[in-house]
Amino acid sequence: MGAVPFTKTSREYLSKLTVDIFLFLVYTNIKDIEILNKLNNSQSLYIAERVVNMLKNIIQRTPVEIIERSIEFTDKDGCGFSFDCDENGTPKFSCDAAKQNYEYAMAHPEFFTGQFNKVVIHKRKYIEPAHGICRCGEDVTLYDEYQGACACPKCGKWYNMYGQELIDPEYWED
Ligand SMILES: [Zn+2]
């Protein structure tokens, strides 16, 4: 990461200090933003690069394509039945009623002049969010749970969208 912008206008940034910078400030008893401003760029860069805790093994957000198949029966108006199926075209029934509808449709090709027992492939894409391993071992998904940050569901540590550990939101300034 780049240098931490310790400037007079960085109160917004300081409200989301990463936890180790926060601890550094507590250690060195630097509480006044005017003192922070006296840190030069290399000092702040040093702090940022040396001590920021991050999620381990971060996997960046990835586009994923999902392929779903269904068997479709439609009449001349496009009305009919659709059943989820596997890649071999074998239907998967969620309930007995679905199975009965399928058997009914298969027995009545004369009704389904639009499509009869046709395997249709549906593709959709979504973005799998970035995720990484917390110090507690939990695989944490990075999403905007609260003000651009999220908490580990197991241990409750907070992370920003880059996977950098943050101090608890109760210490954030508005
Ligand atoms: Zn955790």
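The rows are residues; the columns are (1) within 21 Å of Phe81 (Cβ to Cβ); (2) exposed (fewer than 12 other Cβ atoms within 10 Å of the Cβ).
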| position | (1), (2) |
| --- | --- |
| Asp96 | yes, yes |
| Asn101 | yes, no |
| Met106 | yes, no |
| Gly114 | yes, no |
| Glu128 | no, no |
| Gly132 | no, no |
| Gly137 | no, yes |
| Tyr143 | no, no |
| Cys150 | no, no |
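I'd like the residue in segment 100-141 that is of a type in the set (Asp, Glu) and either in contact (Cβ under 8 Å) with a residue 24 or more places away in the chain or within 30 Å of Leu55 (Cβ to Cβ) (or both) and, out of all such residues, is nearest to the ligand (Cβ to nearest atom).
Looking at the filtered set, the residue picked out is Glu138.
Only one of the numbered conditions (1) at pLDDT 55 or above; (2) more than 30 Å from the chain's Cα centre (by Cα) is violated by Pro63, and that is (2).
Those strands (runs of 3 or more DSSP E) of segment 95-166 in which 1 or more residues are more than 14 Å from the chain's Cα centre (by Cα) and on the phi < 0 side of the Ramachandran plot occupy 115-128, 158-160.
Tell me which residues, restricted to segment 102-157, are of a type in the set (Gly, Ala, Ser) and closer than 30 Å to Pro91 by Cβ.
Initial filter on segment 102-157 (of a type in the set (Gly, Ala, Ser)): 105, 107, 114, 130, 132, 137, 148-149, 151, 156.
Residues satisfying the conditions are Ala105, Ala107, Gly114.
The values are calculated or read from the model by the stated rules, or taken from the named source; none is laboratory data. Just so it is clear, the model here is predicted, and its values are computed rather than measured. Glycine also receives a Cβ, built like all others from the backbone with ideal geometry; neighbour counts cover every protein chain displayed.
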